[in-house]
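Data block below; observations after.
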Amino acid sequence: MKKIPLFLPFMSKEAVKNASAVLQTPWIGEGPKVKEFEKKLVPWVGSNNVLTVNNATSAIHIALRLANVRGGEVISTPMTCTATNEPIINEGGHIVWADINPNSGSIDPADIEKKITKKTKAIMIVHWGGNPCDLTKINSIGKKYGIKIIEDAAQALGSTYKSKPIGSYSDYVFFSFQAIKIINTVDGGALITRNKSDWWKGKELRWYGIDRDKRKVQDTYWDYPIKVAGYKFHMNDVTAAIGLGQLPYLDGLLKQRREQAAIYRNAINESKTLKTVEVLSEAKPNWWMFTVLCGSKESRLKLWKKLSENGIDSGEAHIRNDLYPVFKNSKRDKLDGVTKFNNEKLCIPIGYWVTKSDVRKISDILASF
Ligand SMILES: Cc1ncc(COP(=O)(O)O)c(C=O)c1O
């Protein structure tokens, strides 16, 4: 039986056409399409300070460099893709794990505040499945202690908080356009900076310490005073052209996911066992993932089996990061919220490939569980 997949890439006809057109021009590297894509992202991310990159992991590296975390501590959440946390180690930061709210998967602002020390350089937060964290409390903590906030919005393109797009609030916010995200550029990402000065610095870090728009091209050589060692993290015109063909669909994709999520939520209200993630009143998720909280590990396995027998794929998506050997040197205490959420969560299919009858079938299973 062909299963309803948990994730499926979205690729519009225009994206395919655009990529093919760029591939037949002499300019396939970073060029005008990248600039055009960055401009088109502005209303979706609530800021003019957009830097596209080759993937969101690269954006994390740049954000951590800008936040100057080397040798300092970064408070982070274990409840995420390891892509959030591995760059902290690679950029020379020490991770201090904070607990999460087990009802939402979002980092707990009160626990963040408890874990601040003189060495804290940044706070990394993650919008699990595109469900916004408490940006008001978290940003006021950042302000109070003079600590930079980095928002992992890899999964949150199109989500809003207080009616403004995610991207409008913190020092650094990054998005992913990886294959299965709400829209993809095959691979890609964007970093949003609060300050223009960080945007300029980030632009240099993105490409070998050089702002490509500012280098002087002389007769036979180009000139630029390279002051910082950068990376090769830029987006190229082929992937940007794909993004330009995908963005016009974002509104419709969001609407569809929100309708599907509303049906799932109603079904879960009827279930004796299941719950879904709490959503803050200020927040409007993009529902990139729909997370069911099953009450226990055993009950999750039962639901997974039931869905599977009915041709429906489901899964945990990510597991807590703090127990991986790679993070053995990080600071860890009892993380009860993480344990509970990690044991209970199960993500079910949501997105353009889930038909109305699929939604009905899944909802019936949820309601009677
Ligand atoms: C929460 C989270 N952070 C970071 C990333 C890294 O994004 P990318 O694959 O674009 O590097 C991902 C997933 O891809 C993610 O889900």
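For region 280-369, the list of trypsin sites (Lys or Arg not before Pro) that fall in a loop by DSSP and count at most 11 other C-beta atoms within 10 angstrom reads Lys328, Lys334.
In order along region 82-92, phi translates into HN-Hα couplings of 4, 4, 5, 9, 4, x, 4, 5, 4, 8, x Hz, rounded to whole numbers, per the Karplus curve 6.51 cos²θ - 1.76 cosθ + 1.60 with θ = phi - 60° and x for Gly and Pro. Taking label points 7 Å from Cα along the Cα-to-Cβ direction, Val16 and Leu250 give a separation of 2.3 nm.
The H on the amide N of Thr120, modeled in the peptide plane, is under 5 Å from the matching H of Glu73, each at least 5 residues off or on a different chain. Straightening the chain between Lys331 and Lys196 buys 45.3 nm, computed as 0.36 nm per residue apart minus the Cα-Cα spacing.
A simple rule links phi to the HN-Hα coupling: the Karplus curve 6.51 cos²θ - 1.76 cosθ + 1.60 with θ = phi - 60°, which for region 215-222 gives 5, 8, 9, 8, 4, 10, 8, 10 Hz, with x for Gly and Pro. Against the main long axis of the alpha-carbon atoms of the chain, helix 56-66 sits at an angle near 60°.
Full extension of the chain segment joining Lys164 with Ala262 gains 33.2 nm, where the gain is 0.36 nm per residue of separation less the Cα-Cα distance. For Ile319 and Leu8, the FRET efficiency from 1/(1 + (r/R0)^6), where r spans their Cβ atoms and R0 equals 25 Å, is about 0.70. In the chain, the C-alpha radius of gyration followed by the widest Cα-Cα span (Dmax) gives 20.9, 74 angstrom.
In order along region 329-339, phi translates into HN-Hα couplings of 8, 7, 8, 9, 10, 5, 10, 5, x, 4, 4 Hz, rounded to whole numbers, per the Karplus curve 6.51 cos²θ - 1.76 cosθ + 1.60 with θ = phi - 60° and x for Gly and Pro. Please give the FRET efficiency for Lys40 paired with Ser308, using the beta carbon to beta carbon distance and R0 = 41 Å, rounded to the nearest 0.05. With a Förster radius of 41 Å, E is 0.55.
DSSP assigns beta bridges within the chain; of those with both partners inside it, close to 60 percent run antiparallel. Based on DSSP H segments of at least four residues, each scored -39500 (n - 2.57), the chain has a per-residue ellipticity at 222 nm of -11500 deg cm²/dmol. Relative to one another, the C-alpha centroids of region 304-369 and region 1-41 are positioned 29 Å apart.
Here, each number is a calculation from the coordinates, and none is a lab measurement. What you see is a predicted model; the values in this text were computed from it and never measured. Methodologically, a virtual Cβ is constructed for each residue, glycine included, from the backbone with ideal geometry; neighbour enumeration extends over all protein chains shown.
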